[in-house]
Each structure stands twice: as C-alpha cells, then as structure tokens.
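The values are calculated or read from the model by the stated rules, or taken from the named source; none is laboratory data. Everything quoted here is computed from the prediction, not taken from an experiment. Don't worry about glycine lacking a Cβ; one is built from the backbone with ideal geometry, like all the others, and counts go over all protein chains shown.
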C-alpha cells in the first residue's frame with residue numbers, strides 16, 4: 001500500500017470511528033434523559049386525578065364495556081373469554097348491571113337498600129341487604145360474597161378508596177384513538193399489576209379503554225375493557241327494582257368462609 005493510500009485508509013477509519021461515536025452519543029442521550037425522569041410523572045398522576053374528579057361529578061351515566069378476560073388453566077394455558085357489561089348508575093345509590101357472555105346472562109339490581117343478583121339462564125335469583133352507596137356495595141359484595149362488580153373502579157377513582165399510593169411508575173405514552181375518540185394513553189405499575197388507561201381529551205376526561213396485566217402470575221393474564229359512554233341516560237325508579245319472573249327460584253347467596261368476609 002502506498003503512503004497516500006495508507007493515509008486515505010486511515011482517514012476513512014477515523015471518520016468511521018467519529019461517526020460511530022456520534023451515533024452512540026445520539027442514542028445514549030435519550031437514555032440519560034429517561035434515567036433522570038421520575039418514575040411517577042406528576043403530570044400523569046394529575047391526569048388520573050382529573051379523571052377521577054370528573055367521574056365524581058356525574059349524577060347519572062350509562063356505560064357499555066366490551067371486555068376480554070384471560071383465564072389460566074391448571075397447565076398454564078391462557079384462555080380468553082369475551083363479554084359485554086352494561087352499567088346504568090344513578091349516584092349515589094341506584095345501580096343496574098347486565099353481563100352477557102357465551103355462558104352466562106347475569107343482572108344486578110340495587111335500589112339503595114337491597115341488591116338482587118339474577119342468573120337468567122337458570123332463572124335463579126338471590127336478594128340480600130345492601131349498604132347505602134354503590135361504592136360500599138362494591139366492597140360488600142367483594143368481602144362477603146367474593147363477587148366483583150364489573151368496572152367497580154369507576155366508583156372509587158377520585159376518592160380515597162382509589163389507593164393511588166401503591167403506584168410505583170406512571171408514564172404518558174402519548175395520544176391514541178379509541179373507537180374514533182382522541183385520548184391520551186397512560187401506563188402505571190404497582191405491586192403485582194401493570195395497567196394502562198386511555199383518557200378522553202378535552203372537557204370530558206372519561207376513561208375509554210382499560211388494560212390490566214397481572215404480573216404476579218407467570219402467565220401474565222390480562223383483562224381489557226373498551227368503554228362507550230352515555231351521560232344522559234333515560235330511566236325511572238323501576239329500572240333498579242327486580243321483579244321476579246314467573247317460575248323464578250329464589251336461592252340463598254352463599255357467603256365466603258370467615259367471619260364477615262374472605263379468608264385472609
């Protein structure tokens with residue numbers, strides 16, 4: 001190799017090294033910036049708080065949720081089940097819930113004094129005394145009967161019951177569309193759970209989509225719900241009262257073992 005060729009080769013090598021160093025710096029810069037960013041972004045928590053406060057201003061609403069729930073078999077296979085939940089609420093003490101899936105059609109009627117659960121396919125129903133608010137009802141059903149109301153967080157966000165202190169990471173993932181509605185997508189982490197929520201932009205910060213991932217299970221099963229809202233529903237008092245159909249069988253709602261609640 002001639003001296004001039006050697007110098008040209010050296011110049012090319014130095015240029016390549018300089019380019020690679022610059023490229024590495026360019027890629028490293030965002031990582032350094034990300035490392036400095038707080039795990040729990042205050043603006044994200046503020047958006048969650050704004051949504052919760054807005055939900056607490058609603059006097060009545062109807063929300064339909066297309067849900068997908070992962071179940072895990074004994075051998076670890078994840079099986080997905082789809083359902084539709086239709087919720088009509090008049091705050092603070094009227095609620096009607098209808099859940100429809102391939103294998104069940106269940107309705108809940110709550111009038112502020114009692115709650116009735118009707119399994120329409122088998123025509124069985126049970127009625128038990130209930131506490132004076134929907135939020136307390138959700139806790140009561142969970143603690144005493146191991147029954148979870150669909151989307152029960154809609155009644156706890158914006159209250160001390162939301163327990164946001166468990167959140168260890170909160171991130172803004174940017175704008176996104178849910179059924180044509182412009183939203184902001186946020187991600188959260190807490191012990192045993194990763195979750196995402198899409199909150200509608202503008203003056204009506206409604207949750208439009210929710211995804212929960214259980215991280216304490218190796219199969220990481222998910223639950224997702226896409227929500228459609230009606231903020232001016234039509235109803236009367238009879239909507240929340242159960243009238244047993246002909247030949248319906250009343251049964252006793254079995255409580256979970258343990259005094260007043262679940263085994264701990």
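Annotations for the structure displayed:
- Residue check, residue 149 in the same structural domain as residue 232 (by TED's automatic domain parsing), assigned to a loop (DSSP other than H, G, I, E, B), surrounded by fewer than 16 Cβ atoms within 10 Å (Cβ to Cβ) and in contact (Cβ under 8 Å) with a residue 12 or more places away in the chain: no
- Residue match in segment 60-83 (condition: within 21 Å of residue 131 (Cβ to Cβ) and not in a helix (DSSP H, G or I)): yes
- 2 or more residues modelled with pLDDT under 95, in the same structural domain as residue 133 (by TED's automatic domain parsing) and touching a strand residue (DSSP E or B) at 6+ places or on another chain (Cβ under 8 Å): qualifying strands (runs of 3 or more DSSP E) within segment 159-253: none
- Condition met for residue 162 (closer than 27 Å to residue 108 by Cβ, surrounded by 18 or more Cβ atoms within 10 Å (Cβ to Cβ) and touching a residue at least 40 places away in the same chain (Cβ under 8 Å)): no
- Selection of segment 80-100 for residues being over 15 Å from residue 63 (Cβ atoms) and under 19 Å from the mean Cα position of the chain (by Cα) yields 80, 81, 82.
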